[in-house]
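The values are calculated or read from the model by the stated rules, or taken from the named source; none is laboratory data. Remember, predicted model here, so these are calculated numbers, not experimental data. Reconstructed Cβ throughout: ideal geometry from the backbone, glycine too, with neighbour counts over all protein chains shown. In case anyone asks, the SASA skips ligands and DNA or RNA and just uses the protein heavy atoms, side chains included. Shrake-Rupley method; radii C 1.70, N 1.55, O 1.52, S 1.80 Å.
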Amino acid sequence: IGRGQRPQPLPPGPIAVDRVVREGDVIAVDAIAYQVLETPGHSDCSLSFYEPGEKILIISDATGYYMPQNGTWWPNYFADYGQYLGSIERLAELDAEILCLSHNALVRGAALIRAYFADALAATRRYHERILAEAKAGKSVRQIAEQLGTEIHRETPLMPLEFFQKNCGVLVKKSLQHEGPSP
């Protein structure tokens, strides 16, 4: 497919599942065997894959949406903030040499990967703390979500503004749930 061309959409219907994988399973791709790692937080069923021989780590959405053009993240802890942090911490311990992100980047080199995970954790914690501060200042979930969604849409307008605002609403609620008060 050439640049700017899109493939035809798949016909609607169920997607056939030929194998359900869990923590500790191994998936062989040609001669490379990837270990399955459960990394919840983005979703309850999020998975990452690690190949220890070549030290290749594929993390799906475990660190959110990274914007390499400006070195920033949009955290995506849509299922659970605490699990999301735990998954990032776990992945950071794997000593990977090649880190494959879900959407738009590849990080090569152990030192750069360690820095990437440290920065992703810091960005996620700042985002969470910002949400808490805004709520403590009296802003509603909707006000915070609209503000955050507008900001991320401005950074990367890949989807409609409403997409970002609704997803930021989930993040606001998950941050507040993590701290105890109901949103």
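Quick notes on this structure:
- Alpha carbon convex hull of the range 50-94, volume per residue in cubic angstrom: 81 Å³
- Residue-averaged 222 nm ellipticity for the chain, from DSSP H runs of 4+ at -39500 (n - 2.57), nearest 500: -13500 deg cm²/dmol
- Per residue, the accessible area of the chain comes to 59 Å², computed with a 1.4 Å probe over protein heavy atoms only.
- Overall, the ratio between the Cα radius of gyration of the range 18-86 and 2.2 N^0.38 Å, rounded to two decimals, is 1.22.
- Positive minus negative residues near GLU129 (Lys, Arg vs Asp, Glu; Cβ under 15 Å): +4
- Divided by 2.2 N^0.38 Å, where N counts the residues, the Cα radius of gyration of the range 1-149 comes to 1.19.
- Stokes-Einstein D in µm²/s, Kirkwood radius over Cα pairs - the range 98-183 at 20 °C with 1.002 mPa s viscosity: 150 µm²/s
- Cα gyration tensor shape for the range 1-42, rounded if a/c is under 1.5, else prolate or oblate: prolate
- In straight-distance terms, cross-link reach from LYS139 covers every one of the lysines whose alpha-carbon lies under 22 Å from its own, apart from those fewer than eight places away in the same chain; here that gives LYS166, LYS173, LYS174.
- Against the chain, whose longest principal axis comes from its Cα atoms, helix 81-92 is set at around 40 degrees.
- Rounded to 10°, Cα long-axis angle of helix 141-155 versus longest principal axis of the chain: 50 degrees
- Cβ crowding within 10 Å averaged over residues, with 49-59, 21-31 ranked highest first: 49-59, 21-31
- Of all the options SER48, SER102, SER87, the one that moves most in a Gaussian network model of the chain with Cα springs shorter than 10 angstrom is SER102.
- Heavy-atom accessible area, probed at 1.4 angstrom with all protein chains present, ranks CYS168, CYS100 as CYS100, CYS168, highest first.
- ³J(HN,Hα) computed for each position of the range 71-80 - Karplus, 6.51 cos²θ - 1.76 cosθ + 1.60, integer Hz, glycine/proline x: x, 10, 10, 10, x, 10, 8, 6, 9, 6
- When you count the other C-beta atoms within 10 angstrom of each residue and take the mean per peptide, 40-47, 75-82, 134-141, 112-119 line up highest first as 75-82, 40-47, 112-119, 134-141.
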